[in-house]
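**Student:** Below you'll find the structure I mean.
The values are calculated or read from the model by the stated rules, or taken from the named source; none is laboratory data. This one's a predicted model, so the numbers in the text were calculated from it and none came from an experiment. All Cβ positions, even for glycine, are placed from backbone atoms using ideal geometry, and neighbour counts span all protein chains on display. With ligands, DNA and RNA removed, areas are computed over all heavy atoms of the protein, side chains included. Shrake-Rupley method; radii C 1.70, N 1.55, O 1.52, S 1.80 Å.
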Amino acid sequence: MPTNAPLTIGELAERAGVTVKTVRFYSDRGLLPESGRSTGGHRRYGPEALDRLRLIRSLRELGLPLPEVRRIVDSQDDDRTAGTNADTRTNDVLEAAITGQLQKVGSQLSALRWQEASLRLLRDCAAGERAERLRLVGAVAVPPSTAPMARFWRYWLPPRLPARVVSAFLDQAVPHLPDDPTPTQVWAFARMHALVSANCSGSARPQPAVHLPDRGYHPAVLYDGLGEAYALASAELRAGRPPWAGEALDCFVSAYAVSRGTRDTPAFRRLLRRQLAADPRIDVYWQLTAELSTPPGAPPEPNPGSAHDWLCTALNAGTARPAG
């Protein structure tokens with residue numbers, strides 16, 4: 001048979017290694033145009049159909065949906081019509097489709113890893129704990145979302161903070177979830193999810209003094225300055241240094257003083273120490289954040305909660321930096 005002779009549907013299927021039903025499926029959907037029909041009404045395909053069918057099959061094997069496959073083969077037709085030898089448009093469309101599919105597969109793999117860790121958590125726990133763990137783990141979407149944590153903090157923070165300040169705080173306060181979690185991390189997230197969900201009910205909660213309008217503070221100024229103090233304290237925590245009265249503490253106290261329109265003095269430090277000791281605490285949240293953010297076997301990863309505790313301890317002690 002001449003190499004450019006029309007192919008029957010059976011010949012095309014055999015050469016491409018697919019079934020006749022598959023060829024007919026793609027042909028009926030306009031992805032594999034016929035070159036004509038025989039006198040008996042049977043489909044005929046040109047020699048270019050073989051490469052096109054192999055391309056379609058490869059794209060489908062990679063999981064690309066039909067609309068994406070159509071865009072790719074259509075762009076190939078456009079390049080040929082325009083005489084573009086380099087298949088410029090085809091390459092762009094193909095690259096975009098592959099990138100999108102990679103993101104989709106990554107999300108699916110993440111969901112499977114969280115499901116696996118959840119199942120291991122339930123399998124390995126004591127029988128008496130299984131029902132409670134199943135209830136909390138089952139309330140979490142897979143793959144999980146940190147949107148409930150962001151809502152919790154938006155509800156907790158004082159109103160009318162600049163968007164820039166809120167965004168910077170959320171970036172530190174909302175944990176970044178591991179791609180390949182351990183059962184311990186799944187359990188930490190399930191408890192955190194339950195904690196923040198219960199605390200976003202709209203009921204009044206105790207607030208830090210800085211959030212109260214009658215205490216003379218400007219929360220936007222304070223939260224703008226606390227980020228630097230927490231970053232300095234986090235560096236001290238990573239280095240394993242005990243709390244001491246150095247640059248991090250000075251930055252911390254200065255953030256509070258400037259937000260109240262006053263100076264950093266011994267009297268202000270005593271006032272701030274009493275005020276912070278009376279503030280409500282959410283230690284459980286920060287403990288769970290550390291469990292989520294810390295790789296197995298590694299030292300706890302600092303977060304705003306642990307940095308705040310380090311700074312408060314330094315403020316209470318009022319000591320100089322230890323030797324060494």
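**Student:** Find how much the distance from T265 to K104 grows on full extension, using 0.36 nm per residue of separation minus their present alpha carbon separation; answer in nm with one decimal. Before the final figure, lay out the partial values.
**Tutor:** Details: separation 161, 0.36 × 161 = 57.96 nm, distance 5.54 nm.
Answer, rounded to one decimal: 52.4 nm.
**Student:** Something else: In degrees from 0 to 90, rounded to the nearest 10, what is the angle of the helix 183-198 Cα long axis to the longest principal axis of the chain?
**Tutor:** Helix 183-198 sits roughly 70 degrees off the main axis of the chain.
**Student:** Return the whole-Å distance between the Cα centroid of region 226-254 and the Cα centroid of region 263-324.
**Tutor:** Taking the Cα centre of region 263-324 as reference, the centre of region 226-254 is 9 Å away.
**Student:** Would you mind working out the magnitude of the charge dipole of the chain relative to its Cα centre, with +1 at each Lys and Arg C-beta and -1 at each Asp and Glu C-beta, to the nearest 20 Debye? Can you show the working numbers first?
**Tutor:** Values: 39 positive and 34 negative charges, 175 e Å.
It comes to approximately 840 debye.
**Student:** Using a ≥ b ≥ c from the Cα gyration tensor of region 7-106 (square roots of the eigenvalues), is it rounded, prolate or oblate, where a/c under 1.5 gives rounded and otherwise the larger of a/b and b/c decides, a/b for prolate? Intermediate values should be presented prior to the final figure.
**Tutor:** On the way: a/c = 2.57, a/b = 1.51, b/c = 1.69.
Cα axes put region 7-106 in the oblate bin.
**Student:** Got a sec? Charge dipole of the chain, +1 on Cβ for Lys and Arg, -1 for Asp and Glu; which of G297, P144, V18 is way out at the positive end?
**Tutor:** Comparing the listed Cα positions along the dipole, P144 ranks first.
**Student:** Moving to a separate point now. Any chance you could give the angle, 0 to 90 degrees and rounded to 10, that helix 66-82 forms with the longest Cα principal axis of the chain?
**Tutor:** 60 degrees
**Student:** Rank V23, V210, V137 by mean-square fluctuation in a GNM of the chain with C-alpha springs under 10 angstrom and give only the top-ranked residue.
**Tutor:** V23
**Student:** Same structure again: Over the chain, give the accessible area per residue in Å² for a 1.4 Å probe, as an integer. Display every interim value, and only then the final one.
**Tutor:** Working: 17990 Å² over 324 residues.
Result: 56 Å² per residue.
**Student:** Springs between alpha-carbon atoms under 10 Å, Gaussian network over the chain: tell me which of P178, P33, P144 tops the mean-square fluctuations.
**Tutor:** Residue with maximal mean-square fluctuation among P178, P33, P144: P33.
**Student:** Between R120 and R238, 0.36 nm times their residue separation minus their Cα-Cα distance comes to what? Present the calculation step by step, with values, prior to reporting the outcome.
**Tutor:** Values: separation 118, 0.36 × 118 = 42.48 nm, distance 3.09 nm.
Length difference between fully extended and current span is 39.4 nm.
**Student:** Taking all protein chains in place and a 1.4 Å probe, what share, in percent, of the accessible surface of the chain do carbon and sulfur account for? If you can, show how the numbers build up before the last one.
**Tutor:** Details: 9630 of 17990 Å².
Using a 1.4 Å probe with all protein chains present, the chain comes out at 54 percent carbon and sulfur.
**Student:** Now for a different question. Restricting to Cα pairs below 8 Å that are 6+ residues apart, what does the relative contact order work out to for the chain? Please round to a whole percent. Intermediate results must be reported in sequence, preceding the final value.
**Tutor:** Working: 320 pairs, mean separation 44.5, N = 324.
Rounded, it is 14 percent for the chain.
**Student:** Within region 36-80, which residues have the backbone N less than 14 Å from the label spot 7 Å out from R24 along Cα→beta-carbon, could you tell me?
**Tutor:** 42-44
**Student:** Let me ask something else. Pick out, from P158, T313, A255, the residue whose Cα sits farthest towards the positive end of the charge dipole of the chain, with +1 on the Cβ of Lys and Arg and -1 on the Cβ of Asp and Glu.
**Tutor:** The residue sitting most towards the positive pole is P158.
**Student:** For the chain, set up a GNM with springs between Cα atoms under 10 Å and report which of S75, S254, S197 has the largest fluctuation.
**Tutor:** S75
**Student:** Moving on to the next point. Where does helix 304-317 land angle-wise versus the long Cα axis of the chain, in degrees 0 to 90, nearest 10?
**Tutor:** So the inclination is approximately 20 degrees.
**Student:** Simple spin-label model, 7 Å along Cα-to-Cβ: L66 to L112 in nm?
**Tutor:** Output for this residue pair reads 2.5 nm.
**Student:** When you have a sec, figure out the Kirkwood radius of the chain from all distinct Cα pair distances and drop it here in Å to one decimal? Could you put the intermediate results ahead of the total?
**Tutor:** Values: mean 1/r = 0.0398 Å⁻¹.
It is 25.2 Å.
**Student:** Per the Debye formula with a single identical scatterer at each Cα and no solvent contribution, what log10 I(q)/I(0) holds for region 125-318 at q = 0.18 Å⁻¹?
**Tutor:** Computed log10 I(q)/I(0) values: -1.30.
**Student:** Cα centroids of region 12-88 and region 112-137: how far apart, whole angstrom?
**Tutor:** When both Cα centres are located, 47 Å separates them.
**Student:** I'd like the FRET efficiency for A168 and H218, computed as 1/(1 + (r/R0)^6) with the beta carbon distance as r and R0 of 22 Å, rounded to 0.05. Don't skip to the answer; put the middle values down first.
**Tutor:** Details: r = 16 Å, r/R0 = 0.74.
The calculated FRET efficiency here is 0.85.
**Student:** Which FRET efficiency, nearest 0.05, do S35 and T88 yield, Cβ-Cβ r, R0 30 Å?
**Tutor:** 0.70
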